[in-house]
Amino acid sequence: MAGQNRPPRASEVSLQLCEAKDTAFSDPAWLWELKLDGFRVLVEKVDDRVELLLRKGRDVATQFPEIAAAVRALPAEALILDGELVIPDAQGRPEFSELGKRAQAQGSAIARLMRERPAAFFAFDLLRLEGDDLRALPLRERKRRLAALLAGGERV
């Protein structure tokens, strides 16, 4: 139950990854997300510190300062989000090759690439909010809380 245990840190959470199935699902009660061509990321905010953790734990917040700033601006002191980091093309479709360039960029190249092709973070799930571990809550409830948290955001 939320609030009864010490809230998790992002490093203690496993990403829920896509998996292939032989047949399509048909249960109308199931939830699904679009498959985006980006980096799966856990975002952790504690006070003003923001980390964008890739699958193997590498923090790419320095390479994506616009996302870190947008997360800092969210109305919460502590949170963990699960989602996909992308760089959209002119039509809004994720472009993986640009994402890879940005993840390797350093110094002034980061600022230039950010101006030319800003990133976006598509949050799928809210795993922690303030001192509450939300993972035991139903997904629909976590998504309801996530939508309220993100209302009005541009980059997240």
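The values are calculated or read from the model by the stated rules, or taken from the named source; none is laboratory data. This is a predicted model, so every value here is computed, not measured. Virtual Cβ from ideal backbone geometry, glycine too; neighbours counted across all protein chains shown. Protein only, heavy atoms only, side chains kept; ligands, DNA and RNA dropped before computing areas. Shrake-Rupley method; radii C 1.70, N 1.55, O 1.52, S 1.80 Å.
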## Note on the structure
Going residue by residue through segment 102-117, the Karplus relation 6.51 cos²θ - 1.76 cosθ + 1.60 with θ = phi - 60° gives ³J(HN,Hα) values, rounded to whole Hz and with x marking Gly or Pro, of 5, 5, 9, 5, 9, x, 5, 5, 4, 4, 5, 5, 5, 5, 6, 9
### Task
Please name whichever of Leu149, Ala10, Trp30 sits farthest to the positive end of the charge dipole of the chain, dipole taken about the Cα centre and charges placed at Cβ: Lys and Arg +1, Asp and Glu -1.
Ala10
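May I ask for the net charge around Asp48, where only other residues with Cβ less than 11 Å from the Cβ of Asp48 are counted and Lys, Arg are +1 while Asp, Glu are -1?
Numbers: positive: Lys45, Arg49, Arg72; negative: Asp47, Glu77.
Summing Lys/Arg as +1 and Asp/Glu as -1 gives +1.
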### Task
Determine the shape class of the chain: with a ≥ b ≥ c the square roots of the Cα gyration tensor eigenvalues, call it rounded for a/c under 1.5, and otherwise prolate if a/b is greater than b/c, oblate otherwise.
oblate
### Message
If I ignore ligands, DNA and RNA and count only protein heavy atoms, how much of Arg128 is accessible to a 1.4 Å probe, in Å² to the nearest 10?
### Response
30 Å²
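Using the Cα centre as the reference, give the magnitude of the dipole from point charges on the C-beta atoms of the chain (Lys, Arg: +1; Asp, Glu: -1; all else neutral), rounded to the nearest 20 debye. Walk me through the numbers before you get to the answer.
Numbers: 25 positive and 25 negative charges, 36 e Å.
Its charge dipole is roughly 180 debye.
Sum up the charges of everything whose Cβ sits under 12 Å from the Cβ of Leu137, counting Lys and Arg as +1 and Asp and Glu as -1, but leave Leu137 out. List each step's numbers first, then the result.
Working: positive: Arg128, Arg135, Arg140, Arg142, Lys143, Arg144, Arg145; negative: Asp125, Asp132, Asp133, Glu141.
Once positives and negatives cancel, what remains is +3.
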### Message
Using the Cα centre of the chain as origin and beta-carbon charges of +1 (Lys, Arg) and -1 (Asp, Glu), tell me which of Pro94, Pro75, Ala123 is placed farthest towards the positive end of the dipole.
### Response
Pro94
